[in-house]
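Participant: I'd like to ask some things about the structure below.
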Amino acid sequence: MTSLRPSRFKENRLAGEKPPIFKLSTTTTAIIALFISILFTISLFSPPPKSTYHSLYISSASNATIPYHLLCLTRHPHVAGSPANAAAAAYVISTLSSFGISTRTVSYEVSLPYPVSRSLSLTLPPHPPATFSLRQEPYAGGPHADVAGQAIPTFHAYARSGSAAGHVAYVNYGRVEDFERLAEMGVDVSGAVVLARYGMVFRGDIVRNAHDAGAVGVVLYTDSKDYGGDRRWFPDEEGMPPSGVQVGTVYSGSGDPTTPGWPSTRSCERTSDEEVGSSGWAPPIPSLPVSSADGEAILRTIGGHVAPYDWQGGARDLVYRVGPGPGVLNLTYNGTQSITTIQNVFGVIQGVEEPDRYVILGNHRDAWTFGAVDPNSGTAALLEVARRLGRLHKRGWRPRRTILLCNWDAEEFGLIGSTEWVEENKELLSSRAVAYLNVDSAVYGPGFHASSTPQIDKLLKHVTQQVQDPDNSSQTVYESWTRSEDFPMIGRLGGGGSDFAAFIQHVGVPAVDMFFGGGCPVYHSLYDDFIWMQKFGDPIFRRHVAAASIWGLLALKLADEEVLPFDYLSYAFELQSGTRELEEEILGKSVSLTPLHKSIKELKKAATKINAQRKALESCGGASMWGKESKDPLKVRELNDRLMMAERAFADRDGLFERPWYKHLIYGPLKHNSYGSKSFPGIDDASCETCLTGSWWQIHMSLYIGHTMDGLKCSCHGVVTSLAARKLLLIGRSRR
């Protein structure tokens, strides 16, 4: 705006008359007044910047309602398919609606297993058989004693129905290396019923590894060394009581096993029981979970070699031995499969500028028992996120992109609710999903942990710098994180432990998973209740507040930033690290990783280039008298779509060898541990099962992933493919 300057004036010599400073016409005065009025009106009705709302989101944090939500959600055991879980879904719907958030539900008809009968007896000749009750005892004075009987009996979901009897052998954690060590000791478990302790690997893989070693049945127990409760336990201390049992699934797939790869709708086609049984996703021998008290009783009947030092557990006055025998276990399990209705609940906050781009937050609702930690600490945090977003919405905030708040069902059985929804909406998500932010159990205890796809690393660190540490008000979550033993470790999402699996591993959507604490001693047991959380997990619920703050602020950044805050240089560095680990594994073999190194270098160049393009685009907008000038919307859209679609480049249409549901060729679960992960799972599968010699040489010499990040360089409308990922897949396929 041009300033008004006083004109020259003649000296007025009239006595007592002062010279005027300005001489303005009536028209000029009116124009100035109108101009000021327009500016005032613009400032009055222009929405504040998105950063103002983001600050308001953090400042509106409160622990006032979180305990109430958690208490309401955990009044009854609510396994998937039960009336109690339907009531929990209704609570989530009504709560979201009370915040002014539009809700929707999507139901599926899925095959869920439930126990019919089970028994376990132990014989030590010449004594008569001793039968185990397989029952968890309610604790004295507990508020849930009157409804504890509603909990599902202890069992393994998708365990093989049948009976098994044999001398018992102790196999430590039941890992592949544990069975190899037994073989080195001259211990043969063929025909035995093996006893393994929970921990280290997925329970389904323990049963499968036992079968591969020749065992006929498996009993899993919670050792007090791993889950506390050696001398004092809940409710006096946080450890697992002697009768506590970890329930869980042994199904290593994702989604309804009768509809692999397609959604379980009411009239859909299903595979037969025989096809499901031969798929390899469920173990072929029966298994049961038992308590530490029962496990210790079984251990006392095992003789033979003394178990290695690192196999010894927490049972007092007991030297662990490996057997087999002389104790004999007789195990029987019978279950039934039934088509059951499950219900996913959604809250939708519609985007304005890019409503067809989705930032997705997810947590599951179903629990094996009360589920105060797993999963409803996450559900309570999700409702706290919704409360704050609803408050912003009432203040005038509208996200640039659409935000979806998802509450999944039947996760505990095998990630079923989320997987069925992803399979039904695969094409839509492939073209529209920006990121998936997962919180399963929000709080186990103190200390922040996170896993992500690498392009979100910087954003994750930035957000944690904005949130106060719940256990030390003098520092941020980031500051406490950097001082922890885990920093700077950000985990990766190759494991199949929660609902992020379908998004990243099946479709290739960038993802995050996060929580506070390092584990729950009463995991999946009757004692995972509100009292445990109130006494040990989060007494004043500030960790829940911090989890909701990080979760929601991540969503706001991804939903509101004009240019998506992804950095693929982090991805290049991560792949370099994974390649170094791969080189160590194949050291001395006739394998060349030169093409892999070359492709990562190309990725680095592409990531650097798109970062420069981002800076150039961001510098286009500037301030003017009318506010901030907008950038070219078509250029913003094109750049954002390349950033969004780049992750899809690692998802191959045909998937991993013998595991086609897993499409992502950088991150996927290990073949013998569904909870574990490494970079390049297809190569890891091959190296685990095949000696890298001879014919491998030519295959690796042809390895080419030079166009890995075509998604960063090509137009936004094409389906991004990755020659790199496809060539990596060829390694796994060529081993037979």
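The values are calculated or read from the model by the stated rules, or taken from the named source; none is laboratory data. The structure presented is a predicted model; accordingly, all values stated were derived computationally and were not measured. Positions of Cβ are generated from backbone atoms using ideal geometry, with glycine treated the same way; all protein chains shown enter the neighbour counts. Keep in mind that these areas ignore ligands, DNA and RNA; they rest on the heavy atoms of the full protein, side chains included. Shrake-Rupley method; radii C 1.70, N 1.55, O 1.52, S 1.80 Å.
Participant: Ordered by packing density, taken as the mean number of other Cβ atoms within 10 Å over each peptide's residues, highest first, how do 471-480, 122-131, 253-262, 593-602 rank?
Facilitator: 253-262, 593-602, 471-480, 122-131
Participant: Largest first and in whole Å, what are the equivalent-ellipsoid semi-axes of the stretch 298-406 based on the Cα gyration tensor, each being the root of 5 times an eigenvalue?
Facilitator: Those come to 53, 19, 13 Å.
Participant: Oh, and also: For SER98 and GLU585 in one chain, what is 0.36 nm times their gap in residues minus the Cα-Cα distance, to one decimal in nm?
Facilitator: Taking SER98 through GLU585 to full extension adds about 169.8 nm, to one decimal.
Participant: Follow-up question, since we're still on this one. Report Rg (one decimal) and Dmax (nearest whole number) for the stretch 426-503, counting Cα atoms only, units Å.
Facilitator: Cα-based Rg and Dmax for the stretch 426-503 come out at 14.2, 46 Å.
Participant: Which value, in Å to one decimal place, does the Kirkwood hydrodynamic radius take for the stretch 93-246 when every pair of different Cα atoms is included?
Facilitator: 18.7 Å
Participant: So, one more: Could you give the accessible area per residue of the stretch 419-476, probe 1.4 Å, as a whole number in Å²?
Facilitator: Using a 1.4 Å probe on heavy atoms only, each residue of the stretch 419-476 averages 33 Å².
Participant: If r is the Cβ-Cβ distance from ASN425 to CYS620 and R0 is 25 Å, what FRET efficiency results, to the nearest 0.05?
Facilitator: According to the calculation, E is roughly 0.10.
Participant: A follow-up question, please. Determine the percent antiparallel among the DSSP beta bridges restricted to the stretch 164-267, to the nearest 5.
Facilitator: 10 percent
Participant: Probe of 1.4 angstrom, ligands and nucleic acids ignored: what's the accessible area per residue over the stretch 78-134, in square angstrom?
Facilitator: 45 Å²
Participant: Once Rh for the stretch 481-561 is found with the Kirkwood sum over Cα pairs, what is the Stokes-Einstein diffusion coefficient at 10 °C and 1.306 mPa s, in µm²/s?
Facilitator: In µm²/s, the coefficient rounds to 104.
Participant: Could you look at the stretch 255-379 and say what percent of its accessible area is carbon and sulfur, using a 1.4 Å probe and all protein chains?
Facilitator: Accessible surface attributable to carbon and sulfur in the stretch 255-379 totals 50 percent.
Participant: Between the stretch 98-163 and the stretch 514-572, how many Å separate their Cα centres?
Facilitator: The stretch 98-163 and the stretch 514-572 have Cα centres separated by 27 Å.
Participant: Next question, about the same structure. R0 = 35 Å: FRET efficiency of SER161 with ASP654, Cβ-based, nearest 0.05?
Facilitator: Efficiency, from the Cβ-Cβ distance: 0.55.
Participant: Can you compute the charge dipole magnitude of the stretch 231-382 about its Cα centre, using +1 on each Lys and Arg Cβ and -1 on each Asp and Glu Cβ, nothing else charged? Give it in debye, rounded to the nearest 20.
Facilitator: Its charge dipole is roughly 460 debye.
Participant: Still on this structure, please answer the following. Could you derive backbone 3J(HN,Hα) for the stretch 310-317 from the dihedral phi with the Karplus parameters 6.51, -1.76 and 1.60 (θ = phi - 60°), listing whole Hz in sequence and x where the residue is Gly or Pro?
Facilitator: 6, 9, 5, x, x, 5, 6, 6
Participant: So what's the gap between the Cα centers of the stretch 326-344 and the stretch 353-371, to the nearest angstrom?
Facilitator: 28 Å
Participant: Then there's this: Around PHE370, which amide H atoms from residues at least 5 apart in sequence, or from another chain, sit under 5 Å from its own amide H, with H modelled in the peptide plane?
Facilitator: The answer is ASP528.
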